[in-house]
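First the structure, in the form of C-alpha coordinates, and then the observations on it.
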2 protein chains.
Amino acid sequence: MTRATPAEDACTNALPTAALGGPVSHAVSRVARLHRIAAGKVLKGVDLYPGQELLMMHLWDRGAVRQTELIKAMELDPSTVTKMLQRLEQTGHVRRRPDPADRRAVLVEATDESCALHTAVEAAWGSLEEHTLAGLDPAERTELVRLLAKVEENLCRETEDCPDRRRAASG
Amino acid sequence: MTRATPAEDACTNALPTAALGGPVSHAVSRVARLHRIAAGKVLKGVDLYPGQELLMMHLWDRGAVRQTELIKAMELDPSTVTKMLQRLEQTGHVRRRPDPADRRAVLVEATDESCALHTAVEAAWGSLEEHTLAGLDPAERTELVRLLAKVEENLCRETEDCPDRRRAASG
DNA sequence: AACTTTACCTTGGTCGGCCAATGAATGAGT
DNA sequence: ACTCATTCATTGGCCGACCAAGGTAAAGTT
(Lines give C-alpha, C1' and ligand atoms only; values in the text may rest on other atoms or scores of the structure.)
Protein backbone atom coordinates (compact mmCIF):
# COMPACT_ATOMS: atom_id res chain seq x y z
CA MET A 1 0.00 0.00 0.00
CA THR A 2 1.97 2.87 1.27
CA ARG A 3 5.29 1.22 0.79
CA ALA A 4 5.81 -0.81 -2.32
CA THR A 5 9.54 -1.18 -2.62
CA PRO A 6 11.22 -2.50 0.47
CA ALA A 7 14.71 -2.39 -0.89
CA GLU A 8 14.99 1.21 -1.86
CA ASP A 9 13.57 3.85 0.36
CA ALA A 10 15.63 6.86 1.16
CA CYS A 11 12.86 8.86 2.67
CA THR A 12 14.42 11.06 5.23
CA ASN A 13 11.64 11.65 7.68
CA ALA A 14 12.15 13.10 11.06
CA LEU A 15 9.28 11.01 12.33
CA PRO A 16 10.17 7.38 12.77
CA THR A 17 8.38 5.02 10.50
CA ALA A 18 7.01 3.31 13.52
CA ALA A 19 5.22 6.43 14.58
CA LEU A 20 3.49 6.60 11.25
CA GLY A 21 2.59 2.98 11.04
CA GLY A 22 1.39 2.72 14.61
CA PRO A 23 1.18 5.91 16.54
CA VAL A 24 -0.56 4.42 19.53
CA SER A 25 1.67 1.38 19.69
CA HIS A 26 4.63 3.64 19.54
CA ALA A 27 3.27 5.94 22.19
CA VAL A 28 2.43 3.05 24.46
CA SER A 29 5.97 1.74 24.30
CA ARG A 30 7.46 5.09 25.01
CA VAL A 31 5.11 6.02 27.76
CA ALA A 32 5.57 2.66 29.38
CA ARG A 33 9.31 2.98 29.35
CA LEU A 34 9.29 6.48 30.74
CA HIS A 35 6.74 5.54 33.30
CA ARG A 36 8.84 2.65 34.44
CA ILE A 37 11.85 4.86 34.79
CA ALA A 38 9.85 7.37 36.74
CA ALA A 39 8.56 4.60 38.97
CA GLY A 40 12.08 3.42 39.51
CA LYS A 41 13.14 6.82 40.72
CA VAL A 42 10.24 7.19 43.06
CA LEU A 43 10.73 3.70 44.40
CA LYS A 44 14.41 4.08 44.96
CA GLY A 45 13.67 5.71 48.26
CA VAL A 46 11.89 2.60 49.49
CA ASP A 47 14.40 0.10 48.21
CA LEU A 48 12.12 -1.46 45.66
CA TYR A 49 12.37 -2.01 41.95
CA PRO A 50 9.56 -1.23 39.56
CA GLY A 51 7.15 -4.09 39.55
CA GLN A 52 7.93 -5.20 43.03
CA GLU A 53 5.77 -2.49 44.51
CA LEU A 54 2.69 -4.00 42.94
CA LEU A 55 3.45 -7.31 44.47
CA MET A 56 4.06 -5.76 47.85
CA MET A 57 0.85 -3.83 47.65
CA HIS A 58 -1.00 -7.00 47.07
CA LEU A 59 0.66 -8.56 50.03
CA TRP A 60 -0.08 -5.62 52.26
CA ASP A 61 -3.61 -5.67 51.08
CA ARG A 62 -4.35 -9.32 51.41
CA GLY A 63 -1.96 -10.62 54.00
CA ALA A 64 -0.51 -14.10 53.64
CA VAL A 65 -1.37 -15.58 50.30
CA ARG A 66 -0.27 -18.38 48.09
CA GLN A 67 1.90 -17.66 45.13
CA THR A 68 -0.85 -18.76 42.84
CA GLU A 69 -2.91 -15.98 44.29
CA LEU A 70 -0.26 -13.50 43.41
CA ILE A 71 0.21 -14.95 39.99
CA LYS A 72 -3.44 -14.72 39.19
CA ALA A 73 -3.88 -11.32 40.73
CA MET A 74 -0.97 -9.76 38.96
CA GLU A 75 -1.43 -11.84 35.85
CA LEU A 76 2.22 -12.60 35.58
CA ASP A 77 4.12 -15.67 34.64
CA PRO A 78 4.67 -18.05 37.55
CA SER A 79 8.37 -18.02 37.03
CA THR A 80 8.40 -14.26 37.14
CA VAL A 81 6.72 -14.26 40.50
CA THR A 82 9.01 -16.93 41.83
CA LYS A 83 12.06 -14.94 40.98
CA MET A 84 10.65 -11.70 42.24
CA LEU A 85 9.85 -13.36 45.52
CA GLN A 86 13.30 -14.83 45.78
CA ARG A 87 14.81 -11.39 45.52
CA LEU A 88 12.20 -9.83 47.70
CA GLU A 89 12.89 -12.44 50.30
CA GLN A 90 16.57 -11.81 50.09
CA THR A 91 16.05 -8.11 50.64
CA GLY A 92 13.87 -8.86 53.62
CA HIS A 93 10.63 -7.54 52.26
CA VAL A 94 8.89 -10.84 52.11
CA ARG A 95 8.75 -14.09 53.96
CA ARG A 96 7.81 -17.47 52.57
CA ARG A 97 6.69 -20.57 54.39
CA PRO A 98 5.20 -23.82 53.23
CA ASP A 99 1.45 -24.01 53.31
CA PRO A 100 0.47 -26.57 55.95
CA ALA A 101 -2.75 -27.30 54.11
CA ASP A 102 -1.10 -27.95 50.81
CA ARG A 103 2.37 -29.27 50.74
CA ARG A 104 3.08 -28.14 47.25
CA ALA A 105 2.03 -24.56 47.92
CA VAL A 106 3.91 -21.72 49.50
CA LEU A 107 2.51 -18.98 51.64
CA VAL A 108 3.89 -15.53 51.14
CA GLU A 109 3.54 -12.55 53.37
CA ALA A 110 5.07 -9.16 53.83
CA THR A 111 7.53 -8.77 56.63
CA ASP A 112 6.95 -6.25 59.36
CA GLU A 113 9.77 -4.11 58.12
CA SER A 114 8.19 -3.97 54.72
CA CYS A 115 4.95 -2.86 56.28
CA ALA A 116 6.71 0.26 57.34
CA LEU A 117 7.12 1.04 53.67
CA HIS A 118 3.46 0.64 52.96
CA THR A 119 2.63 4.28 53.41
CA ALA A 120 5.71 5.47 51.61
CA VAL A 121 4.98 3.28 48.62
CA GLU A 122 1.45 4.49 48.34
CA ALA A 123 2.64 8.02 48.61
CA ALA A 124 5.18 7.31 45.92
CA TRP A 125 2.50 5.93 43.67
CA GLY A 126 0.31 8.88 44.34
CA SER A 127 3.06 11.22 43.39
CA LEU A 128 3.89 9.18 40.33
CA GLU A 129 0.29 9.27 39.27
CA GLU A 130 0.04 12.97 39.78
CA HIS A 131 3.19 13.49 37.85
CA THR A 132 2.00 11.31 35.03
CA LEU A 133 -1.24 13.22 34.79
CA ALA A 134 0.05 16.69 35.32
CA GLY A 135 -1.75 19.16 33.17
CA LEU A 136 -4.69 16.89 32.48
CA ASP A 137 -8.00 18.04 33.79
CA PRO A 138 -10.36 15.59 35.44
CA ALA A 139 -12.30 14.97 32.27
CA GLU A 140 -9.15 14.10 30.40
CA ARG A 141 -8.03 11.80 33.14
CA THR A 142 -11.29 9.97 33.13
CA GLU A 143 -11.18 9.69 29.40
CA LEU A 144 -7.65 8.38 29.45
CA VAL A 145 -8.57 5.71 31.96
CA ARG A 146 -11.54 4.75 29.87
CA LEU A 147 -9.57 4.51 26.67
CA LEU A 148 -6.78 2.58 28.28
CA ALA A 149 -9.30 0.16 29.66
CA LYS A 150 -10.70 -0.36 26.20
CA VAL A 151 -7.25 -0.94 24.80
CA GLU A 152 -6.49 -3.34 27.59
CA GLU A 153 -9.63 -5.22 26.79
CA ASN A 154 -8.61 -5.49 23.18
CA LEU A 155 -5.17 -6.73 23.94
CA CYS A 156 -6.45 -9.04 26.60
CA ARG A 157 -8.71 -10.68 24.14
CA GLU A 158 -5.94 -11.64 21.78
CA THR A 159 -3.54 -12.57 24.49
CA GLU A 160 -6.11 -14.75 26.18
CA ASP A 161 -4.06 -14.23 29.23
CA CYS A 162 -6.71 -12.92 31.53
CA PRO A 163 -9.60 -15.28 31.04
CA ASP A 164 -10.91 -15.60 34.59
CA ARG A 165 -10.70 -12.01 35.54
CA ARG A 166 -14.42 -11.48 35.70
CA ARG A 167 -15.01 -14.31 38.12
CA ALA A 168 -12.48 -13.91 40.85
CA ALA A 169 -14.02 -15.84 43.69
CA SER A 170 -17.22 -17.50 42.75
CA GLY A 171 -18.53 -20.11 45.11
CA MET B 1 -11.66 -26.12 52.05
CA THR B 2 -9.64 -23.56 53.81
CA ARG B 3 -10.77 -21.16 51.22
CA ALA B 4 -10.38 -17.66 52.53
CA THR B 5 -11.99 -15.20 54.77
CA PRO B 6 -15.54 -14.38 53.76
CA ALA B 7 -14.73 -10.72 53.91
CA GLU B 8 -12.38 -11.11 51.04
CA ASP B 9 -14.96 -12.82 48.98
CA ALA B 10 -17.16 -9.83 49.48
CA CYS B 11 -14.87 -7.50 47.63
CA THR B 12 -14.52 -10.00 44.92
CA ASN B 13 -13.22 -8.17 41.96
CA ALA B 14 -10.16 -7.62 44.00
CA LEU B 15 -9.39 -4.15 42.90
CA PRO B 16 -5.76 -3.90 43.81
CA THR B 17 -4.73 -1.08 46.03
CA ALA B 18 -2.52 0.05 43.23
CA ALA B 19 -5.51 0.60 41.01
CA LEU B 20 -7.03 2.88 43.57
CA GLY B 21 -3.89 4.80 44.33
CA GLY B 22 -2.89 5.18 40.71
CA PRO B 23 -5.37 4.01 38.14
CA VAL B 24 -3.50 5.40 35.18
CA SER B 25 -0.14 4.14 36.33
CA HIS B 26 -1.66 0.78 36.83
CA ALA B 27 -3.35 0.83 33.46
CA VAL B 28 -0.18 1.90 31.73
CA SER B 29 1.75 -1.00 33.18
CA ARG B 30 -0.89 -3.48 32.22
CA VAL B 31 -1.46 -2.16 28.77
CA ALA B 32 2.25 -2.00 28.13
CA ARG B 33 2.70 -5.58 29.16
CA LEU B 34 -0.16 -6.84 27.07
CA HIS B 35 0.91 -4.75 24.17
CA ARG B 36 4.38 -6.16 24.35
CA ILE B 37 3.07 -9.66 24.39
CA ALA B 38 0.85 -8.93 21.43
CA ALA B 39 3.81 -7.42 19.62
CA GLY B 40 5.81 -10.53 20.38
CA LYS B 41 3.20 -12.70 18.77
CA VAL B 42 2.93 -10.58 15.69
CA LEU B 43 6.68 -10.37 15.35
CA LYS B 44 7.25 -14.03 15.77
CA GLY B 45 6.53 -14.49 12.12
CA VAL B 46 9.40 -12.24 11.17
CA ASP B 47 11.89 -13.62 13.63
CA LEU B 48 12.13 -10.48 15.73
CA TYR B 49 11.62 -9.77 19.39
CA PRO B 50 9.62 -6.83 20.64
CA GLY B 51 11.81 -3.79 20.63
CA GLN B 52 13.99 -4.99 17.84
CA GLU B 53 11.47 -4.01 15.26
CA LEU B 54 11.79 -0.37 16.18
CA LEU B 55 15.48 -0.53 15.72
CA MET B 56 15.14 -2.24 12.39
CA MET B 57 12.60 0.28 11.26
CA HIS B 58 15.04 3.00 11.98
CA LEU B 59 17.69 1.23 10.03
CA TRP B 60 15.42 0.64 7.10
CA ASP B 61 14.43 4.20 7.25
CA ARG B 62 17.80 5.82 7.54
CA GLY B 63 20.25 3.39 6.07
CA ALA B 64 23.70 3.04 7.59
CA VAL B 65 23.95 4.98 10.82
CA ARG B 66 26.17 5.15 13.82
CA GLN B 67 25.05 3.59 17.02
CA THR B 68 24.88 6.96 18.62
CA GLU B 69 22.30 7.83 16.07
CA LEU B 70 20.21 4.87 17.06
CA ILE B 71 20.69 5.55 20.72
CA LYS B 72 19.52 9.11 20.39
CA ALA B 73 16.70 8.29 18.07
CA MET B 74 15.30 5.52 20.17
CA GLU B 75 16.27 7.17 23.40
CA LEU B 76 17.62 3.99 24.84
CA ASP B 77 20.59 3.24 26.94
CA PRO B 78 23.79 2.71 24.92
CA SER B 79 24.33 -0.67 26.44
CA THR B 80 20.84 -1.70 25.48
CA VAL B 81 21.48 -0.86 21.88
CA THR B 82 24.83 -2.58 21.89
CA LYS B 83 23.33 -5.80 23.09
CA MET B 84 20.39 -5.61 20.79
CA LEU B 85 22.72 -5.12 17.89
CA GLN B 86 24.86 -8.03 18.91
CA ARG B 87 21.88 -10.30 18.82
CA LEU B 88 20.53 -8.74 15.70
CA GLU B 89 23.88 -9.25 14.07
CA GLN B 90 23.96 -12.84 15.16
CA THR B 91 20.56 -13.46 13.67
CA GLY B 92 21.67 -11.87 10.44
CA HIS B 93 19.39 -8.88 10.51
CA VAL B 94 22.09 -6.32 10.89
CA ARG B 95 25.64 -5.72 9.86
CA ARG B 96 28.23 -3.62 11.63
CA ARG B 97 31.40 -2.17 10.31
CA PRO B 98 33.85 0.33 11.72
CA ASP B 99 33.30 3.90 10.68
CA PRO B 100 36.25 4.92 8.51
CA ALA B 101 35.81 8.53 9.52
CA ASP B 102 35.82 7.84 13.23
CA ARG B 103 37.71 4.90 14.53
CA ARG B 104 35.76 4.66 17.73
CA ALA B 105 32.41 4.62 16.02
CA VAL B 106 30.54 1.78 14.38
CA LEU B 107 28.29 1.93 11.40
CA VAL B 108 25.18 -0.16 11.48
CA GLU B 109 22.97 -1.12 8.63
CA ALA B 110 20.23 -3.56 7.87
CA THR B 111 21.18 -6.57 5.84
CA ASP B 112 19.48 -7.30 2.57
CA GLU B 113 17.72 -10.25 4.06
CA SER B 114 16.29 -8.07 6.74
CA CYS B 115 15.01 -5.67 4.13
CA ALA B 116 12.79 -8.43 2.94
CA LEU B 117 11.09 -8.24 6.30
CA HIS B 118 10.49 -4.56 6.02
CA THR B 119 7.06 -4.88 4.55
CA ALA B 120 6.08 -7.70 6.83
CA VAL B 121 7.11 -5.77 9.90
CA GLU B 122 5.15 -2.75 8.90
CA ALA B 123 2.19 -4.92 8.19
CA ALA B 124 2.61 -6.52 11.58
CA TRP B 125 2.68 -3.15 13.24
CA GLY B 126 -0.35 -2.08 11.34
CA SER B 127 -2.23 -5.11 12.44
CA LEU B 128 -1.04 -4.66 16.00
CA GLU B 129 -2.17 -1.08 15.94
CA GLU B 130 -5.51 -2.01 14.57
CA HIS B 131 -5.92 -4.70 17.15
CA THR B 132 -4.97 -2.34 19.91
CA LEU B 133 -7.50 0.20 18.79
CA ALA B 134 -10.31 -2.12 17.88
CA GLY B 135 -13.61 -0.66 18.84
CA LEU B 136 -12.34 2.87 19.14
CA ASP B 137 -13.75 5.36 16.71
CA PRO B 138 -11.50 7.89 15.04
CA ALA B 139 -12.23 10.57 17.60
CA GLU B 140 -11.27 8.27 20.43
CA ARG B 141 -8.09 7.27 18.70
CA THR B 142 -7.08 10.83 18.19
CA GLU B 143 -7.87 11.65 21.75
CA LEU B 144 -5.86 8.70 23.01
CA VAL B 145 -2.87 9.76 21.00
CA ARG B 146 -3.20 13.26 22.31
CA LEU B 147 -3.47 12.19 25.92
CA LEU B 148 -0.60 9.77 25.65
CA ALA B 149 1.50 12.50 24.16
CA LYS B 150 0.71 14.72 27.09
CA VAL B 151 1.60 11.97 29.52
CA GLU B 152 4.81 11.31 27.65
CA GLU B 153 5.66 14.95 27.92
CA ASN B 154 5.09 14.88 31.63
CA LEU B 155 7.20 11.83 32.18
CA CYS B 156 9.84 13.09 29.83
CA ARG B 157 10.16 16.21 31.86
CA GLU B 158 10.94 14.44 35.06
CA THR B 159 13.14 11.87 33.47
CA GLU B 160 15.10 14.52 31.67
CA ASP B 161 15.92 11.77 29.29
CA CYS B 162 14.84 13.42 26.10
CA PRO B 163 16.22 16.90 26.30
CA ASP B 164 17.66 17.37 22.82
CA ARG B 165 14.85 15.87 20.90
CA ARG B 166 14.12 19.05 19.02
CA ARG B 167 17.40 18.96 17.15
CA ALA B 168 17.40 15.44 15.86
CA ALA B 169 19.25 15.51 12.57
CA SER B 170 21.32 18.55 11.97
CA GLY B 171 23.99 18.44 9.31
C1' DA C 1 -6.02 -48.84 45.65
C1' DA C 2 -3.73 -47.66 41.35
C1' DC C 3 -3.54 -44.73 37.61
C1' DT C 4 -3.99 -40.27 35.39
C1' DT C 5 -4.65 -35.62 35.27
C1' DT C 6 -4.22 -31.32 37.12
C1' DA C 7 -2.25 -27.76 40.07
C1' DC C 8 1.89 -25.47 42.39
C1' DC C 9 6.28 -23.97 42.18
C1' DT C 10 11.11 -24.08 40.60
C1' DT C 11 14.95 -24.00 37.34
C1' DG C 12 17.31 -22.61 33.16
C1' DG C 13 17.35 -20.08 29.25
C1' DT C 14 16.37 -15.80 26.48
C1' DC C 15 15.35 -10.82 25.70
C1' DG C 16 14.68 -5.86 26.59
C1' DG C 17 16.07 -2.47 29.66
C1' DC C 18 18.81 0.05 33.26
C1' DC C 19 23.20 1.61 35.77
C1' DA C 20 28.15 1.74 36.66
C1' DA C 21 32.56 1.29 35.12
C1' DT C 22 35.98 0.62 31.49
C1' DG C 23 38.81 1.19 27.19
C1' DA C 24 39.76 3.59 22.96
C1' DA C 25 39.74 7.52 19.99
C1' DT C 26 38.59 12.24 19.08
C1' DG C 27 38.51 17.10 20.34
C1' DA C 28 39.40 21.12 23.04
C1' DG C 29 42.50 23.91 26.11
C1' DT C 30 46.87 25.41 27.50
C1' DA D 1 52.65 19.22 21.39
C1' DC D 2 50.88 17.65 25.54
C1' DT D 3 47.44 17.37 28.68
C1' DC D 4 42.37 16.99 29.81
C1' DA D 5 37.69 16.36 28.81
C1' DT D 6 34.24 14.43 25.80
C1' DT D 7 32.37 11.09 22.97
C1' DC D 8 31.68 6.18 21.27
C1' DA D 9 31.06 1.74 22.30
C1' DT D 10 31.53 -2.37 25.19
C1' DT D 11 31.33 -5.23 29.30
C1' DG D 12 29.31 -6.99 33.56
C1' DG D 13 25.81 -6.91 36.75
C1' DC D 14 21.11 -6.52 37.87
C1' DC D 15 15.88 -6.70 37.37
C1' DG D 16 11.33 -7.67 35.16
C1' DA D 17 9.27 -10.65 32.00
C1' DC D 18 8.55 -14.56 28.87
C1' DC D 19 8.72 -19.65 27.54
C1' DA D 20 9.79 -24.49 28.10
C1' DA D 21 10.58 -28.22 30.95
C1' DG D 22 10.74 -30.52 35.18
C1' DG D 23 9.51 -32.39 39.99
C1' DT D 24 6.32 -32.84 43.61
C1' DA D 25 1.86 -33.15 45.57
C1' DA D 26 -2.97 -32.99 45.42
C1' DA D 27 -7.40 -34.13 43.04
C1' DG D 28 -10.11 -36.95 39.81
C1' DT D 29 -10.96 -41.48 37.41
C1' DT D 30 -11.27 -46.22 36.92
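The values are calculated or read from the model by the stated rules, or taken from the named source; none is laboratory data. Predicted model, so just to flag it, every value in this text is computed and none were measured. Heads up, the Cβs are rebuilt from the backbone with ideal geometry, glycines too, and the neighbour counts pull from every protein chain shown. In case anyone asks, the SASA skips ligands and DNA or RNA and just uses the protein heavy atoms, side chains included. Shrake-Rupley method; radii C 1.70, N 1.55, O 1.52, S 1.80 Å.
When the test is whether a residue is out of contact with any strand residue (DSSP E or B) (no Cβ under 9 Å at 6 or more places or on another chain) and either within 30 Å of B:Leu128 (Cα to Cα) or modelled with pLDDT under 95 (or both), A:Ala39 passes it.
Please determine, by comparing only the residues of the range A:65-97 that are within 14 Å of chain B (Cβ to nearest Cβ) and either open to solvent by 60 Å² or more (accessible area, probe 1.4 Å) or over 21 Å from the mean Cα position of the chain (by Cα) (or both), which one is farthest from B:Arg30 (Cα to Cα). Across the range A:65-97, the extreme among qualifying residues is A:Arg66. Residues that are in contact (Cβ under 8 Å) with a residue 12 or more places away in the chain and acidic (Asp, Glu) were ranked within the range B:103-127; the one that is surrounded by the fewest Cβ atoms within 10 Å (Cβ to Cβ) is B:Glu113.
Okay, residues lined up against (1) under 26 Å from B:Val151 (Cα atoms); (2) polar (S, T, N, Q); (3) open to solvent by 30 Å² or more (accessible area, probe 1.4 Å); (4) part of a helix (DSSP H, G or I):
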residue	(1), (2), (3), (4)
B:Ser25	yes, yes, no, yes
B:Val28	yes, no, no, yes
B:Lys41	no, no, yes, yes
B:Leu48	no, no, no, no
B:Leu54	yes, no, yes, yes
B:Met57	yes, no, no, yes
B:Trp60	no, no, no, yes
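Anything in the range B:51-67 that is of a type outside the set (D, E, K, R), over 15 Å from B:Thr82 (Cα atoms) and away from DNA strand C (no atom under 13 Å from the Cβ)? List them, or say none. Passing the criteria: B:Trp60, B:Gly63, B:Ala64.
Do the conditions hold for B:Leu76, that is, is it within 12 Å of DNA strand C (Cβ to nearest atom), under 27 Å from A:Leu155 (Cα atoms), out of contact with any Lys or Arg (no Cβ under 7 Å at 6 or more places or on another chain) and free of Cβ contacts under 8 Å to residues at least 12 places away in the same chain? Judged against the criteria, B:Leu76 is a match. All told, A:Ala120 falls short of being at pLDDT 95 or above and either over 17 Å from the mean Cα position of the chain (by Cα) or more than 9 Å from DNA strand C (Cβ to nearest atom) (or both).
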